[in-house]
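This report refers to the structure that appears directly beneath it.
The values are calculated or read from the model by the stated rules, or taken from the named source; none is laboratory data. The model shown is predicted, which means the values in this text are computed figures rather than measured ones. Cβ placement follows ideal geometry from the backbone for every residue including glycine, while neighbour counts extend to all protein chains displayed.
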Amino acid sequence: MDQYIEFITNHPILSAAWVGIVFLIVSGWIKSKLSAVRQINPQQLTLLINREDGQVIDMRAQKEFNTGHIAGAQHLSPENAKKSDFSNLEKYKSKPIILVCTTGMTASGTATAMHKAGFEQVSVLSGGMGAWQSASLPTTTGR
């Protein structure tokens, strides 16, 4: 114990940084566990579609969507997502919705906004389309 105290007194900035990093990791973990939005993997996405009639919402740019997307996915333009304009998705309010973006980062904020707008079951594909393609799962092109 004396060594810890000596280290902290000799290196206060390094010790404070370490405590800050631990705090951020723990708070991020707690926040993800308490969040109404779930992060799911490609296999869980497939189960949601097949067993619970889940709807995939692809929020990448139109050009990327046309290049390749998950079969049955609806497109939500990034502009509408930023404005929280979900009017064309109202019919899916009570269905499981899975948001897909390129890497899984952009979709999280939109998922939170959708949950606040009254969408009951919102999930995000962790890793986005990159994870879907890395799992060698099929995509379709065009609309």
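Selection of the range 1-30 for residues being at pLDDT below 90, loosely packed, with under 10 Cβ neighbours inside 10 Å and not hydrophobic (A, V, I, L, M, F, W, C) yields Asp2, Tyr4.
For the range 18-43, a residue qualifies if it is part of a helix (DSSP H, G or I) and either at positive phi or touching a residue at least 24 places away in the same chain (Cβ under 8 Å) (or both), and the qualifying residues are Pro42, Gln43.
Per-residue answers, yes or no, for (1) free of Cβ contacts under 8 Å to residues at least 60 places away in the same chain; (2) of a type in the set (Asp, Glu); (3) farther than 23 Å from Lys63 by Cβ:
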site: Lys93; (1), (2), (3): yes, no, yes
site: Pro96; (1), (2), (3): yes, no, yes
site: Cys101; (1), (2), (3): yes, no, no
site: Ser108; (1), (2), (3): no, no, no
site: Ala117; (1), (2), (3): yes, no, yes
site: Val122; (1), (2), (3): no, no, yes
site: Ala131; (1), (2), (3): no, no, no
site: Ser134; (1), (2), (3): yes, no, no
site: Thr140; (1), (2), (3): no, no, no
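Ala61 passes every criterion in (1) out of contact with any Pro (no Cβ under 7 Å at 6 or more places or on another chain); (2) more than 18 Å from Ile40 (Cβ to Cβ); (3) of a type in the set (Gly, Ala, Ser); (4) surrounded by 13 or more Cβ atoms within 10 Å (Cβ to Cβ) apart from (1). Consider Asn50 carefully, then state whether it is assigned to a helix (DSSP H, G or I), polar (S, T, N, Q) and modelled with pLDDT under 90. No: the conditions fail for Asn50.
Selection of the range 89-112 for residues being surrounded by fewer than 18 Cβ atoms within 10 Å (Cβ to Cβ), of a type outside the set (Val, Ile, Thr) and out of contact with any strand residue (DSSP E or B) (no Cβ under 6 Å at 6 or more places or on another chain) yields Glu90, Lys91, Lys93, Ser94, Met105, Gly109. For the range 64-72, the criterion of being assigned by TED's automatic domain parsing to the domain that holds Ala111, surrounded by fewer than 12 Cβ atoms within 10 Å (Cβ to Cβ), over 15 Å from the mean Cα position of the chain (by Cα) and in a loop (DSSP other than H, G, I, E, B) is satisfied by at least one residue.
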